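**Q** Sharing a structure here in structure tokens format.
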Amino acid sequence: MTHTTNKKMAIVAGGGPAPGINSVIAAATIKANLEGTEVLGILDGFKWIMDGNIDHTMPLTIDEVSRIHFRGGSHIGIARANPTRKEQTLENAVISLLRLNVDKLVTIGGDDTAFSAYKLWEHSKGRIRVVHVPKTIDNDLNLPLHANTFGFQTARQVGFNIVRDLMTDAKTTTRWYFVVAMGRKVGHLALGMGKAAGATLTVIPEEFTGTVKLKTIVDTLVGSILKRAAYGSPYGVAVLAEGLVEQIDPKDIEASGYPIERDDHGHIRIAEINLSDMLKAQVTEALKKYNLKTTIVAKNVGYELRCTDPIPSDIEYTRDLGYYAAKYLLEGGSGVLVSIEDGNFKPLKLTDMINPQTGRMAVRQVDINSQGYKIAREFMVRLQKEDFEDAHQLAMFAATAGVSIEQFRKDFEGLVQNEPPEIQLIEGAPSTKPDGEKKARPQPQA
């Protein structure tokens, strides 16, 4: 053992819960304790220390944390408090840590907490060394080799189980489910759940460029419902990323009866806007035009995922991250985000994680040009370009909707203009899709 300093290391968790937080806390604490360094848990994120209050801490020891890695939640609490809003709160946080005899800080969180870590490190001017561990079930931090942020795989597993069971219920009871999954700006979790479970369709914000009209989302769902009904399957499950709320025209949201509020980081308070209920009401009303009745059940999936016990892959991943964070600090390192590349430690400078356009942490979106996304689209049941090129299918859908072919085109053809192109594995190979006048091909049984 080495005893290089009597200064302490502190750990703080910010943002929302994610499976694996306790595993990071445990691994970092054990490594630091074994090297002779005391560890403090800062309770409730930056909430107290940004106001200069140092009474909300707890000592972390090997005995205290040795088995917490199995459990969800956060042993030291969590909060969305934002110390970067004022210069004074940043200084308060730094001074609070120094008063606690802390010169090393492990921050655990998503893009907002990563930004707080960056600003605190920058503001401290060497007084506090800072290392950030990327945590978010949204999976939206730009890690090397498209590595997942911790908690994502566990959240997807639980979400997959829910969607899978709802699909069975939908078929059994002949109804539709609108499942809204967490993901403030991105659709990684919604797509991960929907693709794995074979949901009828998944709608994510990355599909749209700029602001999208609420009617476009509604028509996408109505089109899927009509298409399924035409094939004799009047049921299904649509998975929707909650980040659609930030994409939809705010005027449309407020017209639906939901005033827009913002949190401490300036984000729309998505939890105050019930996207699934809003879409249920709008789609139910839209279906009246087509004399089609269906039972729609709105379901929000989010809080069930955040504090569930982590699966083994997330436990292993977060134990490694916690170890690396502590060791890097103990060796004198600072100002980095901890990541793993090809099984080895990969420090990413916090300064390099900033988006120069926004001045905030860069957000990793779903790449809708990737083959993975295009495959997901291939298996969804939603209106496609080929539906409007196939006379038989088009007539069948129009008949199901009880409108003319011309009216059906007018109502829905605009939805398919930005459809991803077909995957072509061999350059110059012919399309594998059927010609327009052939019999309508069978649909995936989602």
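**Q** Tally the DSSP beta bridges in the chain and give the antiparallel ones as a percent, rounded to 5.
**A** 25 percent
**Q** Tell me the volume per residue, in Å³, of the convex hull enclosing the alpha carbons of the stretch 319-385.
**A** 154 Å³
**Q** Show me 390-403, 410-423 ranked by packing, highest mean number of other Cβ atoms within 10 Å first.
**A** 390-403, 410-423
**Q** Starting from the Cα-Cα distance between Phe345 and Arg85, subtract it from 0.36 nm times their residue separation and give me the gain in nm to one decimal.
**A** Result for the pair: 90.4 nm of gain on full extension.
**Q** Right, here's the next one. How large is the accessible surface of Thr84 in square angstrom, using a 1.4 angstrom probe and rounding to the nearest 10?
**A** Taking all protein chains as shown, Thr84 has close to 30 Å².
**Q** Return the inverse of the average 1/r over all pairs of distinct C-alpha atoms in the stretch 30-119, which is the Kirkwood hydrodynamic radius, in Å to one decimal.
**A** 13.8 Å
**Q** Can you tell me the length gained on complete extension of the stretch Asn6 to Gln407, counting 0.36 nm per residue apart and subtracting the Cα distance?
**A** 136.7 nm
**Q** How far is helix 391-401 tilted, in degrees, relative to the longest principal axis of the Cα atoms in the chain, given as a value from 0 to 90 rounded to the nearest 10?
**A** 80 degrees
**Q** Within the stretch 191-208, which residues have the backbone N less than 20 Å from the label spot 7 Å out from His146 along Cα→beta-carbon, could you tell me?
**A** Backbone N within reach: 191-199, 202-208.
**Q** Moving on to the next point. Keeping all protein chains in place, calculate the accessible area per residue for the chain (probe 1.4 angstrom), answer in Å².
**A** In whole numbers, the chain has 44 Å² accessible per residue.
**Q** Under a point spin-label approximation (7 Å from Cα along Cα-to-Cβ), what is the Thr173-Gln357 distance to one decimal in nm?
**A** 4.3 nm
**Q** May I pose another question? If you average 1/r across every pair of different Cα atoms in the stretch 188-300 and take the reciprocal, what Kirkwood value do you get, in Å?
**A** Here the Kirkwood hydrodynamic radius works out to 14.8 Å.
**Q** Using only the alpha-carbon atoms of the stretch 333-441, report the extent along each of the three principal axes, biggest first, to the nearest angstrom.
**A** Each principal axis gives a Cα extent; for the stretch 333-441 these are 67, 33, 21 Å.
**Q** If you roll a 1.4 angstrom probe over the protein chains with everything in place, what fraction of the accessible area of the chain belongs to carbon and sulfur, to the nearest %?
**A** 49 percent
**Q** What angle, in degrees between 0 and 90 and rounded to the nearest 10, separates the Cα long axis of helix 87-99 from the longest principal axis of the Cα atoms of the chain?
**A** Once rounded, one gets 50 degrees.
**Q** Provide the convex hull volume over Cα atoms per residue for the stretch 113-180, in Å³.
**A** Once divided by residue count, the hull of the stretch 113-180 is 100 Å³.
**Q** Counting pairs of Cα atoms in the stretch 265-402, how many percent are more than 27 Å apart?
**A** 57 percent
The values are calculated or read from the model by the stated rules, or taken from the named source; none is laboratory data. Note that the structure is predicted; figures quoted are calculated from it, not measured. For neighbour counting, all protein chains shown are included, and Cβ atoms are generated from backbone atoms with ideal geometry for every residue, glycine included. Remember, those area values only see protein heavy atoms, side chains included, never the ligands or the DNA or RNA. Shrake-Rupley method; radii C 1.70, N 1.55, O 1.52, S 1.80 Å.
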